[in-house]
Amino acid sequence: METAVTLEIASCSQPQVETAADPADAERPQASHQQETDSPHQQLLPSIEEHPKIWLPRALRQTYIRKVGDTVNLLIPFQGKPKPQTTWTHNGSALDHSRVSVRNGDQDSILFIREAQRADSGCYQLCVQLGGFQATATINLLVIEKPGPPQSIKLVDVWGANATLEWTPPQDTGNTALLGYTVQKADKKSGLWFTVLERYHRTSCIVSNLITGNSYAFRVFAENQCGLSETAPVTVDLAHIQKVATVYKTKGFAQRDLSEPPKFTQPLADCTTITGYDTQLFCCVRASPRPKIIWLKNKMDLQGNPKYRALSYLGICSLEIRKPSPFDGGIYTCKAINALGEASVDCRVDVKVPH
């Protein structure tokens, strides 16, 4: 939607139009002036059918931004009958017609720049005048380009897998504000550049997570609405990420003495068996160093007796009585002996004859 601009221009930053005088006032005769200037020439002036007004497009109500080399084509509609007189100015001065051309129609005016340059930036004012009435509108044009590169970049410090960089802003920002900086790194082996930070606003940064054993170079671009700077300064010094020998410190601890005398954790259990059926006795002992196990029957050592088979594994002691007879009944003892002491457990075994 376009809006008629009808307010007097107050500054170069707001598109406004001077307020037109009241038509009734224009047609009302002014006594002193009429008496002094009444002549046949003034009586022949054409009557004003439509006061001048400018309809400023919405896109031109704020700063109009173009890139260097772009075409600028501003079409500004207006009204006024008979055809009003139109005048363009640039920053309050007449246009440079070697760079800017203007075409005025009955209801619009066109300002044309074939290839915009930064010098074309500024405040353009259109004045539409008809008789004693006029309307003005202002358009702010900003022509921008890519910024220049940062002036320098310096490798300040390297520690661990990190590097600290500093640089200075570019001298030329491209006629607009910077959006930030893009920082890149490249390791010496591959030479490939990888982006570390984008649109970073400060002029110093810390690059982390560098690979141990590699050497890195860094560069930084400036960026504005047109894009990144064409070139970027590169650090003179390389960041060498040194391999650090890892030293493991073991905590000292007191040596614990696990030696202990024999102790039965599971005693022998009394049992009753039948003649001719093998019987086993079990018990568990804990000791350090490993104890010597001795089996006794009625306090008589059973070692070497083929009727009995004794086993000991991981503290579990067993005695197998092969095909017992009534004479094998009695008190069985398991004795454990080491350098720290001894212990024993007993049980009763009864052998019955089947009826």
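The values are calculated or read from the model by the stated rules, or taken from the named source; none is laboratory data. In this text, all values refer to a predicted model and were calculated from it rather than measured experimentally. Cβ coordinates were reconstructed from backbone atoms using ideal geometry, including for glycine residues, and neighbour counts include every protein chain displayed. Ligands, DNA and RNA are excluded from the accessible area calculation, which covers all protein heavy atoms including side chains. Shrake-Rupley method; radii C 1.70, N 1.55, O 1.52, S 1.80 Å.
Sorting 50, 342, 223 by solvent-accessible area of protein heavy atoms yields 342, 50, 223, largest first, with a 1.4 Å probe. For residue 251, the lysines whose Cα comes closer than 30 Å to its Cα, not counting residues fewer than 8 places off in the same chain, are 243.
Please list 159, 167 in order of solvent-accessible area, largest first, computed with a 1.4 Å probe with all protein chains present.
Listed by decreasing accessible area, they come as 159, 167.
Sketch the reach of a paramagnetic label on residue 278 as a point 7 Å from Cα along Cα-to-Cβ, and name the residues of the stretch 311-336 whose backbone nitrogen lies under 19 Å away. Those under the cut-off are 311-313, 316-326, 328-329. Pick out which of 280, 184, 151 has the largest mean-square fluctuation in a Gaussian network model of the chain, springs linking Cα atoms closer than 10 Å. Maximum among the listed residues: 280. Farthest toward the positive end of the dipole of the stretch 222-337, out of 245, 312, 269, is the Cα of 269, where the dipole comes from beta carbon charges about the Cα centre. The label point for residue 117 and the one for residue 195, both projected 7 Å from the Cα toward the Cβ, are 3.3 nm apart. Segment residue 255..residue 340, full-extension length gain: 28.7 nm, with 0.36 nm per residue of separation and the alpha-carbon distance subtracted. Computed from backbone phi, the HN-Hα couplings of the stretch 305-316 come to 7, x, 6, 10, 10, 9, 10, 8, 8, 6, x, 9 Hz, rounded to whole numbers (Karplus: 6.51 cos²θ - 1.76 cosθ + 1.60, θ = phi - 60°; Gly and Pro given as x). In the context of the full set of protein chains, the chain has a per residue accessible area of 63 Å² (1.4 Å probe). Listed values (i) 28, 54, 13, 5, 0; (ii) 29, 60, 11, 0; (iii) 19, 20, 13, 12, 11, 11, 10, 3, 0 include one computed from this model; for P(r) over Cα pairs in 20 Å bins from 0, in percent that value carries the label (iii). When 64, 277, 308 are compared by accessible area of protein heavy atoms, the largest-first order is 277, 64, 308, using a 1.4 Å probe. Based on Cα contacts under 8 Å between residues 6+ apart, the stretch 87-184 shows a relative contact order of 20 percent.
For residue 299, go through the lysines and keep the ones whose alpha-carbon is under 25 Å away, minus same-chain ones fewer than eight residues off. Leaving aside lysines fewer than 8 places away in the same chain, those within reach of residue 299 are 263, 307, 323, 335, 352. Think of each Lys and Arg Cβ as +1 and each Asp and Glu Cβ as -1; about the Cα centre, that makes the dipole of the chain roughly 3640 debye. Converting phi to 3J(HN,Hα) with the Karplus coefficients 6.51, -1.76 and 1.60 and the offset θ = phi - 60°, the stretch 133-140 yields 10, 8, 10, 10, 9, 10, 10, 9 Hz in sequence order, with x at every glycine or proline. Label sites at residue 154 and residue 108, each approximated as a point 7 angstrom past Cα along Cα to Cβ, lie 5.7 nm apart. Taking the protein heavy atoms of the chain in the context of the full set of protein chains, the accessible area attributed to carbon and sulfur is 51 percent at 1.4 Å.
Find the relative contact order for the chain and round it to a whole percent, using C-alpha pairs within less than 8 Å whose residues are 6+ positions apart.
12
Paramagnetic label reach from residue 310 (point 7 Å along Cα→Cβ; backbone nitrogen cut-off under 13 Å): within the stretch 335-350, residues 335-338, 343-345.
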